[in-house]
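Here the structure comes first, spelled out in structure tokens, and everything after it is commentary.
The values are calculated or read from the model by the stated rules, or taken from the named source; none is laboratory data. Small disclaimer: the values here were computed from a predicted structure and weren't measured. Don't worry about glycine lacking a Cβ; one is built from the backbone with ideal geometry, like all the others, and counts go over all protein chains shown.
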Amino acid sequence: MPALPDLRDYCLAFDLDGTLVDTAPDIIGTLNDILKEHGAEPFPHSAARALVGKGARSLIQRGFAAAGLSLTPEQEDAMVPHFLALYRERIDHESQPFDGVFEALDMLRTAGAHLAVCTNKPYDLSVLLLTRLGMIEHFKTVVGADSVANKKPDPEHLKACTDFVGLNLSQSMLIGDSETDFLTARNAGVPSILVSFGYNDTPVAELKPDRLIHHFRELPEAVAACLR
């Protein structure tokens, strides 16, 4: 693999769920626990992965709709904190970093890149998960959905990452797995690198990101290509 360029002037911001970590098993497991409380059958993980990636409220709405159950807005309001409390208890039971993540992060850090996490997951749950999986030390900052006034796809979310490391928004790129990540990068006017193995309703190749990767071993070269 070709040597990476000097990345000391760049912030590489990563989405979390479906990009760095395969969190679907524990997220869907939590949803299934709640569905069981309401007498509904559980989803198989393979059938439910398309539900993941847009936050707890959306997951609950889509999960209950798919199960043929209706919820009032008041029921949804009460269910979101219940879901988050249950999820916190099992956050790392089955979730695993995707293959090659640690090696790719080490290469990027060695080249001087400032690594950040830019996620629509709540900040405290993001830090808890990254700590439990031994990943937190790779990142200079974690910016969760509740860390900013306007979350992804608003570029303010990404700008909070670059502000923290003392760089301009233009000195960044976003690595993610979804249309939300693609739109965040586009709204910020910076490159997007999407992974093909994450959580999105449609194949991310259709979004035409700047680079599409199928394994983390491809990430360093994709980053270098985005700088040419």
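Can you say whether Leu35 is out of contact with any Lys or Arg (no Cβ under 6 Å at 6 or more places or on another chain) and either in the same structural domain as Phe216 (by TED's automatic domain parsing) or under 26 Å from His215 (Cα atoms) (or both), as far as the supplied structure shows?
Working: out of contact with any Lys or Arg (no Cβ under 6 Å at 6 or more places or on another chain): yes; either in the same structural domain as Phe216 (by TED's automatic domain parsing) or under 26 Å from His215 (Cα atoms) (or both): no.
No.
Looking across Thr180, Thr184, one residue alone is under 17 Å from Leu115 (Cβ atoms), in contact (Cβ under 8 Å) with a residue 60 or more places away in the chain and of a type in the set (Val, Ile, Thr). It is Thr184.
So which residues in the range 44-79 are among the β-branched types (Val, Ile, Thr) and either exposed (fewer than 12 other Cβ atoms within 10 Å of the Cβ) or touching an Asp or Glu at 6+ places or on another chain (Cβ under 6 Å) (or both)?
Of all residues in the range 44-79, those among the β-branched types (Val, Ile, Thr) come to 52, 60, 72.
Selection gives Thr72 alone.
Quick one: would you say Lys151 is of a type in the set (Lys, Arg), within 30 Å of Glu89 (Cα to Cα) and surrounded by 15 or more Cβ atoms within 10 Å (Cβ to Cβ)? Yes.
Of all the listed residues (Val190, Val142, Val195), the sole one being of a type outside the set (Ser, Thr, Tyr), under 18 Å from Gly55 (Cα atoms) and buried (at least 19 other Cβ atoms within 10 Å of the Cβ) is Val142. Glu41 satisfies every condition listed in (1) crowded, with 18+ Cβ neighbours inside 10 Å; (2) without any contact (Cβ under 8 Å) to a residue 40 or more places away in the chain except (1). Can you tell me which residue within the range 87-122, out of those that are touching a Cys at 6+ places or on another chain (Cβ under 7 Å) and more than 13 Å from Met135 (Cβ to Cβ), is surrounded by the most Cβ atoms within 10 Å (Cβ to Cβ)? Out of the qualifying residues, it is Cys118. Restricting the first member to the range 73-100 and to residues that are in contact (Cβ under 8 Å) with a residue 60 or more places away in the chain, and the second to residues that are of a type in the set (A, V, I, L, M, F, W, C) and part of a loop (DSSP other than H, G, I, E, B), the beta-carbon pairs closer than 7 Å and six or more apart or on different chains are Asp92/Leu133; Pro97/Leu20; Pro97/Leu133; Pro97/Met135; Phe98/Leu20; Phe98/Phe197.
All conditions in (1) touching a residue at least 60 places away in the same chain (Cβ under 8 Å); (2) in the same structural domain as His215 (by TED's automatic domain parsing) hold for Arg109, with the sole exception of (1). The set of residues from the range 145-177 being under 16 Å from Cys11 (Cα atoms), free of Cβ contacts under 8 Å to residues at least 60 places away in the same chain and under 17 Å from the mean Cα position of the chain (by Cα) comprises Pro155, Glu156, His157, Lys159, Ala160.
Working only within the range 1-38, note down all residues that are in a loop (DSSP other than H, G, I, E, B), buried (at least 18 other Cβ atoms within 10 Å of the Cβ) and either without any contact (Cβ under 8 Å) to a residue 40 or more places away in the chain or in contact with a Phe, Trp or Tyr (Cβ under 6 Å, 6 or more places away or on another chain) (or both).
Within the range 1-38, the subset in a loop (DSSP other than H, G, I, E, B) is 1-10, 15-16, 18-20, 23, 38.
If we keep only those that are buried (at least 18 other Cβ atoms within 10 Å of the Cβ) as well, we get 7, 10, 15-16, 18-20, 23.
Gly18, Leu20, listed by residue number.
Applying the set (1) more than 18 Å from Ala85 (Cα to Cα); (2) β-branched (Val, Ile, Thr); (3) touching a helix residue (DSSP H, G or I) at 6+ places or on another chain (Cβ under 9 Å) to Val127 leaves exactly one unmet item: (1).
Would you be able to tell me the number of residues in the range 172-206 that are among the small types (Gly, Ala, Ser) and closer than 19 Å to Ile27 by Cβ?
If we filter the range 172-206 for residues that are among the small types (Gly, Ala, Ser), which is where we start, we get 172, 176, 178, 185, 188-189, 192, 196, 198, 205.
Subset that is closer than 19 Å to Ile27 by Cβ: 176, 178, 198.
The total comes to 3.
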